[in-house]
Amino acid sequence: MKTILQTENLTKIYKVGKVETQALRGVSLAVNQGEFVAIMGQSGCGKSTLLHLLGGLLSPTSGKIIIDGEDLSKVSDAQRTDIRRRKIGFVFQRFNLFPTLTADGNLRLAERIHSGNGGNAERRREVLSLLKLENKINNKPLELSGGEQQRVALARAVINNPAIILADEPTGNLDTENSKIVLEMFKQLNEKFNQTIIMITHNPEAAANCNRIINMRDGRIVDN
Ligand SMILES: Nc1ncnc2c1ncn2[C@@H]1O[C@H](COP(=O)(O)OP(=O)(O)O)[C@@H](O)[C@H]1O
Ligand SMILES: [Mg+2]
């Protein structure tokens with residue numbers, strides 16, 4: 001089994017003026033390729049901070065992050081951005097879609113950012129239909145339901161075939177019905193493409209889909 005992602009004794013201290021918040025107090029973690037992991041814990045315990053560090057959106061105060069064999073602390077900012085683009089797909093609670101672009105256009109933009117070209121229309125169609133959006137390809141975000149928007153965001157996260165999908169409360173803004181659909185899509189992506197997924201959730205039903213649940217409290221993993 002291949003370790004796709006690893007952290008060693010990660011800490012993160014935020015400083016705002018003179019106030020310091022220790023958001024992470026030594027997190028060591030290893031995730032295998034193809035695992036579907038849930039991160040749970042009370043609000044403020046450091047879940048989003050951990051996810052942002054794993055995705056190279058933030059730098060740790062101390063400790064190590066190794067993504068697919070590459071130590072993020074040993075590379076330049078430019079290389080870190082490159083690793084993020086090649087290996088990571090993000091899904092957030094707010095869908096963060098471009099309102100003026102269609103579903104297809106949002107995916108095309110992600111392709112362009114990733115590889116600098118016009119992308120692959122065939123693959124976009126395939127991914128959108130896997131997420132049951134084949135009839136919504138030309139809809140803009142406001143012409144989609146919340147669940148559909150989150151599925152477009154999920155399509156965008158996987159369009160460039162990243163090794164790892166990081167999702168921060170992806171069903172946090174969805175009703176029960178839409179949550180179910182989106183979670184089923186995560187599960188399918190995980191099973192069909194062996195995509196590694198790390199998902200923050202407050203929902204025990206969502207976590208029940210996962211291979212492993214990591215519980216956090218006060219900046220630490222309390223069991224996993
Ligand atoms: N950008 C930031 N600047 C200062 N403090 C922050 C920032 N982001 C998060 N925090 C603080 O760090 C702690 C952990 O936050 P976060 O990782 O967002 O927790 P969670 O996602 O589990 O709710 C909280 O006390 C929060 O207020
Ligand atoms: Mg959070």
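Looking at segment 1-36 only, could you name the residues that are over 15 Å from Ile65 (Cβ atoms) and more than 14 Å from ligand 1 (Cβ to nearest atom)?
Met1, Lys2, Asn32, Gln33, Gly34, Glu35, Phe36
Looking only at segment 128-149, how many residues end up being in a helix (DSSP H, G or I), surrounded by fewer than 21 Cβ atoms within 10 Å (Cβ to Cβ) and either among the aliphatic types (A, V, I, L, M) or touching a Ser or Thr at 6+ places or on another chain (Cβ under 7 Å) (or both)? It would help to see each step written out before you state the result.
Looking only at segment 128-149, we keep the residues that are in a helix (DSSP H, G or I), and these are 128-130, 141-143, 146-149.
Going one step further and asking which of them are surrounded by fewer than 21 Cβ atoms within 10 Å (Cβ to Cβ), we end up with 129-130, 141-143, 146-147.
Filter once more, so that each one left must be either among the aliphatic types (A, V, I, L, M) or touching a Ser or Thr at 6+ places or on another chain (Cβ under 7 Å) (or both): 130, 142.
Of the residues in that region, 2 qualify.
At least 1 residues that are open to solvent by 50 Å² or more (accessible area, probe 1.4 Å) and touching a residue at least 40 places away in the same chain (Cβ under 8 Å) in each: list the strands (runs of 3 or more DSSP E) lying fully within segment 1-118 that qualify. Give the steps one after another, and end with the answer.
Details: elements: 3-16, 19-32, 36-40, 62-67, 88-91.
By residue number, 3-16, 19-32, 62-67.
Consider only pairs whose beta carbons are under 9 Å apart and that are at least six residues apart or on different chains; among these, list those whose first residue lies in segment 183-210 and is among the acidic types (Asp, Glu) and whose second residue is assigned to a helix (DSSP H, G or I) and surrounded by 14 or more Cβ atoms within 10 Å (Cβ to Cβ).
Every condition considered, the pairs that remain are Glu205/Ser179; Glu205/Lys180; Glu205/Leu183.
Scan segment 158-178 and give yes if some residue there is more than 16 Å from ligand 1 (Cβ to nearest atom) and farther than 28 Å from Arg123 by Cα, otherwise no. I'd like the intermediate steps shown before the answer.
Step one: of segment 158-178, the residues more than 16 Å from ligand 1 (Cβ to nearest atom) are 158-165, 174-178.
Narrowing further to those that are farther than 28 Å from Arg123 by Cα: 175-176.
Within segment 158-178, one or more residues are more than 16 Å from ligand 1 (Cβ to nearest atom) and farther than 28 Å from Arg123 by Cα.
The values are calculated or read from the model by the stated rules, or taken from the named source; none is laboratory data. Because the structure is a prediction, the values reported are computed rather than measured. Positions of Cβ are backbone-derived with ideal geometry, glycine not excepted, and every protein chain shown enters the neighbour counts. To get the accessible areas, we keep the full protein, side chains included, count just its heavy atoms, and leave off ligands, DNA and RNA. Shrake-Rupley method; radii C 1.70, N 1.55, O 1.52, S 1.80 Å.
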